[in-house]
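The structure under discussion appears below in the form of structure tokens.
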Amino acid sequence: MMRGPLHGWRARKALRAASMLDEIVDSQLPLLAGLPESGRRRSAAYLAELVMLAQAYRHFAAGWLDRRDLEHRSELAMRRLSNFRHPHPSTAQFTEQD
């Protein structure tokens with residue numbers, strides 16, 4: 001359901017959250033160039049997830065998303081972000097054991 005832009009503390013809080021996520025992405029983005037290819041892809045995907053979450057907060061502040069939609073998108077983003085923390089078989093280190 002589309003509404004008008006939010007006013008007051010909810011909008012300010014959502015915009016502050018979006019701004020904080022933008023700052024995190026901006027501070028980490030230059031570090032991508034120094035990573036090996038596999039780490040760069042995963043890190044770029046992680047940062048892209050943060051960008052999308054920040055956008056959801058801005059859409060909420062603009063009234064384009066309701067609280068339920070924002071919560072749903074936030075939960076999805078957190079699940080995806082947590083997947084980056086778990087080791088993946090393609091990035092696992094294998095050692096030969098005697």
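The values are calculated or read from the model by the stated rules, or taken from the named source; none is laboratory data. For clarity, every value in this text was computed on a predicted model and none was experimentally measured. All Cβ positions, even for glycine, are placed from backbone atoms using ideal geometry, and neighbour counts span all protein chains on display.
Whenever a residue of the stretch 26-43 is touching a residue at least 60 places away in the same chain (Cβ under 8 Å) and surrounded by 13 or more Cβ atoms within 10 Å (Cβ to Cβ), it has no partner that is part of a helix (DSSP H, G or I) and acidic (Asp, Glu) lying with C-beta atoms less than 8 angstrom away and at least six residues away or across chains.
For the stretch 34-44, the count of residues that are of a type in the set (Ser, Thr, Tyr) and modelled with pLDDT under 95 is nonzero. Among residues of the stretch 59-76 being out of contact with any His (no Cβ under 9 Å at 6 or more places or on another chain) and of a type in the set (A, V, I, L, M, F, W, C), the one that is surrounded by the most Cβ atoms within 10 Å (Cβ to Cβ) is Phe60.
Results for (1) modelled with pLDDT under 90; (2) of a type in the set (A, V, I, L, M, F, W, C), shown as yes or no for each residue.
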position	(1), (2)
Met52	no, yes
Ala56	no, yes
Leu65	no, yes
Arg68	no, no
Arg73	no, no
Phe84	yes, yes
Asp98	yes, no
